[in-house]
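No value in this document is a laboratory result; all are computed from the given coordinates. All values reported here derive from a predicted model rather than from experimental measurement. No Cβ is skipped: glycine too gets one built from the backbone with ideal geometry, and neighbour counts run over all protein chains shown.
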Amino acid sequence: MESYADDERDRIYESWIDGLTTGESGSTVGCLQAPFAERAIVHGGKQSMPSYCDNSKTPYYSQAERELDWVQDWTVNGLDGLSLWFRGNAVRFLETASNAITMSSTSGAVAFPVWLKRERKCNVFTASYSTDGKTWTSQGNAGGRDSPNPETIVMSGNVCVGLAVTITEWTEWKVPLSGIKGISLSKVKAVVIGVGDPKKAQSTGKGRVYIDHIRVTRP
């Protein structure tokens, strides 16, 4: 990630070909304005790769491909895994208009672990949280443009409540090379990183993920 810069031909989205370029998936690699690589949320070094993924509409998956500078042999020197680190952003919700929700994040706003509870009594909904899963505290009512708590929502029948979750700590994803089928590990030409399964694509959600420290590993 450290070799990417903001100059033309060195920009991160010029190396990682995303769905915005090909029109074949919901991914957008890099920031829309310089600096194009992420310089604040990093796992190691000075930069990471931000990727916006939209799996809420067809084709319901997001991926980006990086063609390697040379064909690599991953069967030598005891190589056994492909590793990368990833994380997301903590989010908050704000209803700005009918059927319109915006999401934003505040770094360090929540101390984990935390449990969330949503209760309904007739048309009155109440939100609360817990830091131990036993003692519950009513979610504060900030007023203004924030949703009130409790809130009265007139409706009938069953109610479906969704919850958006995210990983705010860096997490390593290590793929055993022994589990990679259908390609020749002695002639690796490209790396593809994706969110969602192209073979079993289904509408899910959208958001931003950060990728860093991609490497082939040994025991």
Checklist entry - Sorted by average packing, counted as other Cβ atoms within 10 angstrom per residue and highest first, what order do 65-77, 26-38 take? => result 26-38, 65-77
Item to check | Whole-Hz couplings from phi, Karplus 6.51/-1.76/1.60, listed for the range 56-68; x for Gly and Pro | outcome: 8, 9, 3, x, 6, 8, 9, 7, 9, 10, 10, 6, 6
Next on the checklist: Tell me the net charge near R87. Cut-off is 12 Å between Cβ atoms, R87 excluded, with +1 for each Lys or Arg and -1 for each Asp or Glu.
Outcome noted: -3
Next on the checklist: Taking the alpha-carbon distance from K187 and a cut-off under 23 Å, which lysines remain once sequence neighbours fewer than 8 residues away in the same chain are dropped?
Outcome noted: K174
Checklist outcome for this item: Contour minus Cα-Cα span, D132 to R120, at 0.36 nm per residue, comes to 2.1 nm
Checklist entry - Gain in length, N158 to S184, computed as 0.36 nm per residue apart minus the alpha-carbon separation, to one decimal in nm? => result 4.2 nm
Checklist entry - Taking amide hydrogens as modeled 1.01 Å from N in the peptide plane, which residues meet the under 5 Å criterion relative to Y61, leaving out close sequence neighbours? => result G26
Checklist outcome for this item: Residue-ordered couplings for the range 177-194, obtained by feeding phi - 60° into the Karplus form 6.51 cos²θ - 1.76 cosθ + 1.60 and rounding to whole Hz (Gly and Pro as x), are 4, 5, x, 8, 10, x, 9, 8, 6, 8, 9, 7, 10, 7, 10, 10, 10, x
Item to check | Karplus-derived 3J(HN,Hα), 6.51/-1.76/1.60, for each residue of the range 28-42, Hz, glycine and proline x | outcome: 9, 8, x, 6, 6, 10, 5, x, 7, 8, 6, 10, 9, 9, 9
Checklist entry - For I180, I41, what's the fewest-to-most ordering of other Cβ within 10 Å of each Cβ? => result I180, I41
Item to check | Net charge contributed by nearby residues that have their C-beta within less than 12 Å of A5 (K/R +1, D/E -1) | outcome: -2
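Using the structure shown, select from K46/K181; K57/K200; K181/K206; K57/K199 the pairs with a Cα to Cα distance greater than 24 angstrom.
Working: K46/K181 34 Å; K57/K200 14 Å; K181/K206 28 Å; K57/K199 15 Å.
Flagged as over cut-off: K46/K181; K181/K206.
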Checklist entry - Once amide H atoms are placed 1.01 Å from N in the peptide plane, what residues at a sequence separation of 5 or more from I211, or on another chain, have their amide H within under 5 Å of its amide H? => result M49, S51
